[in-house]
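The values are calculated or read from the model by the stated rules, or taken from the named source; none is laboratory data. Predicted model only: the values in this text are computed from it and were never measured. Cβ sites come from the backbone with ideal geometry, for glycine too, and all protein chains shown count toward neighbours. We work out accessible area using only protein heavy atoms, side chains counted, and drop any ligands, DNA or RNA first. Shrake-Rupley method; radii C 1.70, N 1.55, O 1.52, S 1.80 Å.
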Amino acid sequence: WIGLNYAHVLPRTFVPGTGLSGFKIGAEYVLGAAYLAAAILFYARMRSPQHAFLHQLFAASVISVYSETCFTFYRDVADVYNLLGHVYKVIAYGLIYRAVFVFGVRAPYRRLAAAQAELVQSNRRLQDLAELSSDWFWEQDAQFRFTFTTAGAASKTGLDPDNHIGKKRWELPHQDISAESWRQHQALLQAHLPFHDFMIKRRGADGGILYLSISGMPIFDASGAFQGYRGVGKNISERKRSELELHKLSLALEHSPLSVLITDRAGRIEYVNPKFAEQTGYSAAESVGRAPSMLKSGFTAPATYRDLWSTIESGQVWHGELLNRTKDGDLFWEKTSIAPLKDEGGEITHYIAVKEDVTERRRIGEDLR
């Protein structure tokens with residue numbers, strides 16, 4: 001507006017017949033120096049990979065210096081230097097456009113789109129893994145109501161996931177969980193503390209008992225406000241049933257009327273039951289780590305032991321009678337069965353011996369004879 005209406009108050013930049021004024025030439029040098037200073041600053045910072053757009057701005061600044069220099073040479077408005085100065089300027093603006101739009105606007109959106117695609121792919125991978133996993137995933141809000149469970153939870157919990165949504169854990173079907181256990185669990189939740197392996201018994205769709213192990217972590221937003229819980233669940237029914245079977249077998253061994261001992265392949269004792277300690281006088285602590293030869297009396301024929309070892313090392317079960325000695329020195333007869341235990345590859349790892357004290361039976365037999 002000033003240039004159009006009050007041009008006479010502005011310094012002259014071009015004098016017909018003479019050319020550029022001193023003001024015009026000086027102003028172009030000042031602009032050129034400003035562009036050069038910008039180019040130096042861009043160059044100093046563009047070595048970082050995340051500042052790739054500065055290469056464009058550096059080039060635009062250098063070309064602008066050429067443009068301003070050309071604007072100090074022309075003698076006529078149709079001079080080639082005037083034309084060249086404007087061509088340089090167009091090139092510089094093109095580079096600035098690339099730096100601002102392509103690198104500053106379009107490239108971030110492309111990176112965002114790529115990141116979103118990777119996130120979708122990652123979510124699909126997690127969903128696939130969740131379906132294949134023995135675990136399932138869940139989330140709850142700040143009132144401990146379920147807001148999400150993975151689709152595979154139905155087959156692993158015996159409940160339709162839709163029945164979880166909007167309910168609290170203790171509002172779902174369960175068995176044999178005491179009020180005190182629920183109280184302790186709820187106290188942890190109210191304190192916003194993580195919990196691990198909370199056990200839930202539930203009847204499955206087939207009527208069998210399911211054992212579920214639940215673990216969870218509290219969720220907080222950026223301000224630290226409690227948002228709820230997220231966690232995992234695992235169906236440990238097979239493991240629990242195996243533990244119960246092992247417990248029953250352990251009880252059977254502990255109360256067996258027969259003496260039982262287990263050794264490794266080298267013949268070192270790893271386990272003896274109470275009947276063994278009662279029969280031999282050697283406690284479990286005294287027996288573990290030693291060889292069964294501690295019971296030898298010296299009256300059993302060496303050929304019997306050679307037959308014993310050749311039989312069990314070949315993977316067969318040996319049956320026979322041994323005359324052994326207790327810790328107190330008393331002789332006793334044992335009717336013994338020794339069987340090798342093998343791993344999945346068929347390799348012998350342990351030996352298990354079941355022994356019955358037949359001393360009294362043999363004495364009666366001798367008396368009868």
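Mind checking which residues of region 205-224 are among the aliphatic types (A, V, I, L, M) and open to solvent by 40 Å² or more (accessible area, probe 1.4 Å)?
Once the filter is applied, which keeps residues that are among the aliphatic types (A, V, I, L, M) and open to solvent by 40 Å² or more (accessible area, probe 1.4 Å), region 205-224 yields Ala205, Ile209, Met217, Ala222.
In region 61-88, the residues that are part of a loop (DSSP other than H, G, I, E, B) form Cβ pairs under 8 Å with partners that are of a type in the set (Asp, Glu), at six or more places apart or across chains, as follows: Phe71/Glu28; Thr72/Glu28; Phe73/Asp79. Return yes when Glu360 is under 21 Å from Val288 (Cα atoms) and outside any loop (DSSP other than H, G, I, E, B) and no when it is not. The answer is no for Glu360. Applying a threshold of 9 Å to beta carbon distances and a minimum spacing of six or more residues, or different chains, the list of pairs starting in region 185-200 at a residue that is within 19 Å of Ile236 (Cα to Cα) and modelled with pLDDT of 90 or more and ending at one that is open to solvent by 60 Å² or more (accessible area, probe 1.4 Å) and part of a helix (DSSP H, G or I) reads Phe195/Leu188; Phe198/Leu188. What do you reckon, is Ser223 at pLDDT 90 or above, among the hydroxyl-bearing types (Ser, Thr, Tyr) and assigned to a strand (DSSP E or B)? Considered against the rule, which asks whether it is at pLDDT 90 or above, among the hydroxyl-bearing types (Ser, Thr, Tyr) and assigned to a strand (DSSP E or B), Ser223 comes out as no. Scan Arg265, Arg325, Arg306 and give me the residue that is in contact with a His (Cβ under 8 Å, 6 or more places away or on another chain) and either open to solvent by 20 Å² or more (accessible area, probe 1.4 Å) or closer than 22 Å to Ser250 by Cα (or both). The unique qualifying residue is Arg265. Scanning region 15-51 for residues that are polar (S, T, N, Q) and either in contact with a strand residue (DSSP E or B) (Cβ under 9 Å, 6 or more places away or on another chain) or surrounded by 14 or more Cβ atoms within 10 Å (Cβ to Cβ) (or both) gives a single hit, Ser21. Just to be sure, is Gly85 at pLDDT 80 or above, under 26 Å from Ala39 (Cα atoms) and not β-branched (Val, Ile, Thr)? Taking the combined requirement at face value, the residue satisfies it.
Of all the numbered requirements in (1) outside any helix (DSSP H, G or I); (2) in contact (Cβ under 8 Å) with a residue 24 or more places away in the chain, Lys240 misses one, and that requirement is (1). All conditions in (1) small (Gly, Ala, Ser); (2) within 25 Å of Phe137 (Cα to Cα); (3) not in a strand (DSSP E or B) hold for Gly228, with the sole exception of (3). Among the residues of region 184-191, none qualifies, meaning not one is in a loop (DSSP other than H, G, I, E, B), surrounded by fewer than 17 Cβ atoms within 10 Å (Cβ to Cβ) and in contact with a Gly (Cβ under 6 Å, 6 or more places away or on another chain).
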